[in-house]
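A.B. asks: Below you'll find the structure I mean.
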Amino acid sequence: MKLKNIIYTLLIAISLLSCEDKIVEFDMPDDSTKLAVFGFLSPGDTITSIYVGTLSPIVGKYLPQKIIDKALVKITHKQKEYVLNFDESCKAYNIKSNQLEIKAGETYSLQVSLDGYQTVNSTITVIEGENKSLEFDKFIKRTRNYEEQLVLAVKWKDNPDRKNYYALAMDVSSANIYDSDAFEQNPKMIMYDDENWNGKEKYSKDLYLQGYRDEAEIQIALINADEHYYMYHKKALEQDKYAENPFAEPIINYSNIENGVGVFCSYTKQIIRLKWKNDE
């Protein structure tokens, strides 16, 4: 599985699904040289998951090799160490919130060790504040080429007086995305920062859906992310955008994992849902 698929799977999973639904696969040959660690902390989550794999650096990118299930994964909080256990169903190292609660504004350190590899480390302070202002701004039904089409858009209010980073993630059932300007880089997500609109309302571009017969549902998540989350996904999207251009300069993926690659970061989220039926 390519790096971009891991990113998209993780983003949608942490946005819209429970731990039991999170599956991240590494299926490339085992000739790796680095540990790859992906950890997303969010206050209120019932389970914290850390994904560990091996990677091999190639031309500025990192290609995933395989899942590691025998690493020693520890999170330190307030000078107390917590060991995470590997969960085969999630393909991740997990710990429940009744054992380790993730709290906004507090600092957590991650350490992953495995024989034959350098021990990797990362420390973050969990993002403070939640943005619960996401709402649908537009919902229009129209006919195009004899088929009913929905035009959707969303908006939210930026938290003022601080730097904010956002991801907008989408999941659609029983419908097709058509000619979407809103998610132009990837059919299911887009990244924002609040430069030039701090404290103001942000309006997404239009999203077009069609191809549903009876009824369909869309879920959109607004992720209020820290800088590590934002930079990692932003660079990954840039890699994907220029992947087919042989003249493009290699884009080095963002990482805040010492002695390895990947990301250890934090976020909060709001999810809104909309169901509709075909008028026919």
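Conditions (1) touching a Phe, Trp or Tyr at 6+ places or on another chain (Cβ under 9 Å); (2) of a type in the set (S, T, N, Q), marked per residue:
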site: Ile75; (1), (2): yes, no
site: Leu84; (1), (2): yes, no
site: Ile95; (1), (2): yes, no
site: Asp115; (1), (2): no, no
site: Phe139; (1), (2): yes, no
site: Gln149; (1), (2): yes, yes
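A.B. asks: Going through segment 98-121 one residue at a time, which ones are farther than 20 Å from Ala225 by Cβ and among the hydroxyl-bearing types (Ser, Thr, Tyr)?
C.D. replies: If the condition is that a residue be farther than 20 Å from Ala225 by Cβ and among the hydroxyl-bearing types (Ser, Thr, Tyr), then Ser113, Tyr117, Thr119 are the ones that fit.
A.B. asks: Restricting attention to segment 233-254, does a residue exist that is modelled with pLDDT of 90 or more and charged (D, E, K, R)?
C.D. replies: No, there is no match, as no residue in segment 233-254 is modelled with pLDDT of 90 or more and charged (D, E, K, R).
A.B. asks: Determine, yes or no, whether Asn145 is over 22 Å from Lys275 (Cβ atoms), of a type outside the set (D, E, K, R), at pLDDT below 85 and buried (at least 18 other Cβ atoms within 10 Å of the Cβ).
C.D. replies: The answer is no for Asn145.
A.B. asks: For segment 37-56, which positions are at pLDDT below 90 and either touching a Leu at 6+ places or on another chain (Cβ under 7 Å) or polar (S, T, N, Q) (or both)?
C.D. replies: Hits for segment 37-56 are Thr54, Leu55, Ser56.
A.B. asks: Moving on to the next point. With Asp158, Asp87 as the choices, which residue is outside the structural domain of Ala36 (by TED's automatic domain parsing) and either touching a Lys or Arg at 6+ places or on another chain (Cβ under 9 Å) or in contact (Cβ under 8 Å) with a residue 40 or more places away in the chain (or both)?
C.D. replies: Within the list Asp158, Asp87, the selection yields Asp158.
A.B. asks: Looking only at segment 94-118, how many residues end up being loosely packed, with under 14 Cβ neighbours inside 10 Å, more than 21 Å from the chain's Cα centre (by Cα) and either polar (S, T, N, Q) or assigned to a strand (DSSP E or B) (or both)?
C.D. replies: Total satisfying the criteria: 3.
A.B. asks: Within segment 76-93, restricting attention to residues that are buried (at least 16 other Cβ atoms within 10 Å of the Cβ) and among the aromatic types (Phe, Trp, Tyr), which residue is farthest from Lys269 (Cα to Cα)?
C.D. replies: Phe86
The values are calculated or read from the model by the stated rules, or taken from the named source; none is laboratory data. Predicted model, so just to flag it, every value in this text is computed and none were measured. Cβ: placed from backbone, ideal geometry, glycine included. Neighbour counts: every protein chain shown.
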